[in-house]
Amino acid sequence: MSKAQWQEEYSSMVKTADEAVKTIKSGQRVFVGTGCAQPEELVKALVNRGTELVDTEIVHLLTLGHAPYADEKLTKNFRVNSFFIAKNVRDIIQEGLGDYTPIFLSDIPRLFSSGQLPIDVALVQVTPPDDKGMCSLGISVDIVKSAIANSQFVIAQVNPQMPRTNGESSISIYDLDVLVPSDQPLIEVEMNEPTAEAEKIGEYVAALVEDGSTIEFGIGEIPQAVVPFLKDKKHLGIHTEMFTDAIIDLVESGAVDGSRKSIDKGKVVASFCMGTRRLYEYINENEQFQFHPTEYVNDPFIIGSGYKQVAINVALEVDLTGQVCADSLGKRFYSGIGGQVDFNRGAARSEGGKCIIALPSTAKNGTVSRIKAILDDGAGVVTTRGDVQYVVTEYGVAYLHGKSVQERAIALISIAHPKFRAELTREAVAARYLRPDHAAIEGKIVVGPKDYNTVHIMDDGTMLSFRAMHPTDEPRLTDLIHALSKETMYYRFMHQMKTVERKEIQNFVYINHRTDVAIVATLPEAHGDEIVAIGRYYLDQSTNKAELAFVVRDEWQNKGIGSALFKHLSLIAIRNGIAGFTAEVLRENIAMQSVINKSEFDVTSKPSGNVYSFNIKF
């Protein structure tokens, strides 16, 4: 239907923006549409008559246009109440002159429909009506559809530049009370190029996403930085509260087909989007994209019924017990709860699902750690320590679900910025998150290089992962030691031992990965990696040779693991400029002697009592 046709057919409803907002009275609650669909012309007209109004409450989710009502001079006229704090209202709220309502995004429609937060007037933006009198909410369905349904009076900015989207985005023109024609470009948001930190985090997060997963991208730079690393995945699906221009390249890469989704198969599902004209044109009448209200998209039970739902969200800080602060900087409210909890809890219920919280390791130009022993005074917990699963920084991934506080503390310290790890260890001991004997590891929590990692395929087809010893391996190493036979213990430590002291185990785990290198062979298990073998060398800097030692779990011996570890450690040592290995081996330890003698290097040995002293030159 052309502009002239619809304006003629519904002429009794058509008004100018200034005429339309005259219906708003003092003391009323006015809802403003979301994101890039914010009806700026209506907002401007409302503020123009602001001095005529008193105590008018403005409620909204995230808005990205101008917010002239959020002005200190107009606080007697307009009261801001935001469900998610964007930059345009942050100052007024942090000054205490506006308000923030912390609430799960999925709960907001119920807030409207129950009458707990009744809406007097809704200011929204829609497409022109089609031949059947149906308008589309376009790029923002989210809580807008509920606000319209529960508002006493609806003023719609009718814009032909709003894309017409599929899904549950349509609304009858008779659900609107006033139509304000407005042909103007939508608000555009261009994502900045991700920082090096964000790219690294994106790479780590993408590594957690399996083929066939359904993904939710939270708001912010980091979730969008994940996208380029997903292009080689297969059969991905999208069920997310929002997306940006980045979705276009991901869809066109062929990685997204939605074929493994258990609901809305083949469709990209969202409640709103924000981006540039390129995105708006791409989704216009695009049947692959479906926009649904928040009460559907963010329903944890619907999310949980999906297959391998992965929730990717961000945080401002995380404490060593796993509490996630995402909406405040200390006592200053900064953003909002949004859909983080909805999607985390939904993904946790999903078959094969994963909840991921991502954040840079530092703030304020590297002067402040975002991994905290204790959250800042006043910081709000959005995701509880019981809900958290994965936490990711540019230094790696910490898996916390089902872990003790001690295990969580070590895992999180290991992905904190290296310059803060010693301080965090000291604070964790003081807070009793770590045992007092962990004071000895202060400054020793170091993560091994990724290039130490490889895989080894055994003759029977079993695949073992070889990786650097990790600070979180202390419990796994303890399990390994307890599982060793007396004979294996004797061969490794060269004297009879009933047990290994905790301090000795810590000496195995907390190493520098330069002069002291330990490689573990692991087998994936449901409860986490199981260590089946360890190969280690200790460098004597006076000779530039390293002492070599191995231990292999009894049931995994004589399967070639020792030889594979020896070869891998040799490559690492040569790369690090080490001249060779030395080893002290008991006469009875034929297996270890065989591993060394069969190597490709220049090997000499000298007996002394019941021990052979080996010298291996590279």
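The values are calculated or read from the model by the stated rules, or taken from the named source; none is laboratory data. Just so it is clear, the model here is predicted, and its values are computed rather than measured. Here the Cβ is made from the backbone with ideal geometry for all residues, glycine too, and neighbour counts use every protein chain on show.
Here are a few things to note about the model shown:
- Set Gly386, Gly346: member being of a type in the set (Gly, Ala, Ser), part of a loop (DSSP other than H, G, I, E, B) and in the same structural domain as Ile201 (by TED's automatic domain parsing): Gly386
- Conditions (1) under 19 Å from the mean Cα position of the chain (by Cα); (2) surrounded by 15 or more Cβ atoms within 10 Å (Cβ to Cβ); (3) modelled with pLDDT of 95 or more: number failed by Gly386: (2)
- From Val405, Val397, Val391, Val429, residue being β-branched (Val, Ile, Thr), surrounded by fewer than 18 Cβ atoms within 10 Å (Cβ to Cβ), more than 24 Å from Ser570 (Cα to Cα) and not assigned by TED's automatic domain parsing to the domain that holds Asn558: Val405
- Selection status of Ala428, assigned to a helix (DSSP H, G or I), out of contact with any strand residue (DSSP E or B) (no Cβ under 7 Å at 6 or more places or on another chain), over 17 Å from Phe508 (Cα atoms) and among the small types (Gly, Ala, Ser): yes
- Residue identified as assigned to a loop (DSSP other than H, G, I, E, B), among the aliphatic types (A, V, I, L, M), more than 23 Å from Asp602 (Cα to Cα) and in the same structural domain as Leu484 (by TED's automatic domain parsing) among Ile534, Ile578, Ile511: Ile511
- Any hit, the stretch 454-461, residues being assigned to a helix (DSSP H, G or I), at pLDDT 90 or above and of a type in the set (Val, Ile, Thr): no
- For the stretch 246-285, a residue qualifies if it is within 25 Å of Leu61 (Cβ to Cβ) and in contact with a strand residue (DSSP E or B) (Cβ under 6 Å, 6 or more places away or on another chain), and the qualifying residues are Leu250, Lys267, Val268, Val269, Ala270, Phe272, Cys273, Met274, Ile283.
- Residue list for the stretch 353-363, filter: farther than 14 Å from Gly322 by Cα and either in contact with a strand residue (DSSP E or B) (Cβ under 7 Å, 6 or more places away or on another chain) or among the hydroxyl-bearing types (Ser, Thr, Tyr) (or both): Gly353, Lys354, Pro360, Ser361, Thr362
- Meeting the requirement of 1 or more residues that are of a type in the set (S, T, N, Q) and closer than 28 Å to Thr244 by Cα, the strands (runs of 3 or more DSSP E) wholly within the stretch 1-110 are 78-82.
- Taking the criterion of being surrounded by fewer than 23 Cβ atoms within 10 Å (Cβ to Cβ) and within 15 Å of Ile148 (Cα to Cα), the residues of the stretch 120-137 that qualify are Asp120, Met134.
- Helices (runs of 4 or more DSSP H) fully within the stretch 236-313 that include at least 2 residues being farther than 25 Å from Ile171 by Cα: 246-252, 300-304.
- Considered as a group, the residues in the stretch 140-179 that are within 31 Å of the chain's Cα centre (by Cα) and assigned to a strand (DSSP E or B) include one that is surrounded by the fewest Cβ atoms within 10 Å (Cβ to Cβ), and that residue is Asn166.
- Filtered by the rule that a residue be out of contact with any Phe, Trp or Tyr (no Cβ under 8 Å at 6 or more places or on another chain), part of a loop (DSSP other than H, G, I, E, B) and surrounded by 10 or more Cβ atoms within 10 Å (Cβ to Cβ), the stretch 589-609 gives a lone residue, Lys598.
Rundown of residues vs (1) under 19 Å from Asp183 (Cβ atoms); (2) hydroxyl-bearing (Ser, Thr, Tyr); (3) buried (at least 22 other Cβ atoms within 10 Å of the Cβ); (4) touching a helix residue (DSSP H, G or I) at 6+ places or on another chain (Cβ under 9 Å), yes/no style:
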| position | (1), (2), (3), (4) |
| --- | --- |
| Lys3 | yes, no, no, no |
| Trp6 | yes, no, yes, yes |
| Ser11 | yes, yes, no, no |
| Asp18 | yes, no, no, yes |
| Ser26 | no, yes, no, yes |
| Phe31 | no, no, yes, yes |
| Thr34 | no, yes, yes, yes |
| Pro39 | yes, no, yes, yes |
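- The set of residues in the stretch 205-229 being in a helix (DSSP H, G or I) and surrounded by fewer than 22 Cβ atoms within 10 Å (Cβ to Cβ) consists of Ala206, Ala207, Glu221, Pro228, Phe229.
- Count of residues meeting criterion [touching a residue at least 12 places away in the same chain (Cβ under 8 Å), more than 22 Å from Gly461 (Cα to Cα) and out of contact with any helix residue (DSSP H, G or I) (no Cβ under 8 Å at 6 or more places or on another chain)] in the stretch 541-564: 5
- Filter result for Ile572 (within 42 Å of the chain's Cα centre (by Cα), over 18 Å from Leu484 (Cβ atoms) and not in a loop (DSSP other than H, G, I, E, B)): yes
- Number of residues in the stretch 565-596 that are touching a helix residue (DSSP H, G or I) at 6+ places or on another chain (Cβ under 7 Å) and of a type in the set (Gly, Ala, Ser): the value is 2.
Residues are listed down the side, and each one gets a yes or a no for (1) under 25 Å from Ala315 (Cα atoms); (2) modelled with pLDDT of 95 or more; (3) assigned by TED's automatic domain parsing to the domain that holds Lys132:
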| site | (1), (2), (3) |
| --- | --- |
| Lys200 | yes, yes, no |
| Val205 | yes, yes, no |
| Ile219 | yes, no, no |
| Ala255 | no, yes, no |
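- Of all residues in the stretch 307-350, those that are in contact with a Gly (Cβ under 7 Å, 6 or more places away or on another chain) and among the polar types (S, T, N, Q) total 5.
- The condition (being in contact with an Asp or Glu (Cβ under 9 Å, 6 or more places away or on another chain), farther than 27 Å from His239 by Cβ and polar (S, T, N, Q)) is satisfied by just one residue among Gln125, Gln157, Gln94: Gln157.
- Cβ-Cβ distances below 6 Å connect the following pairs, each with a first residue in the stretch 393-412 that is over 20 Å from Ile312 (Cβ atoms), a second residue that is assigned to a helix (DSSP H, G or I) and of a type in the set (Ser, Thr, Tyr), and a separation of six or more residues or different chains: Ile410/Thr472.
- For the stretch 477-525, taking the residues that are of a type in the set (Asp, Glu) and at pLDDT below 80, the one that is farthest from Asn589 (Cα to Cα) is identified as Glu525.
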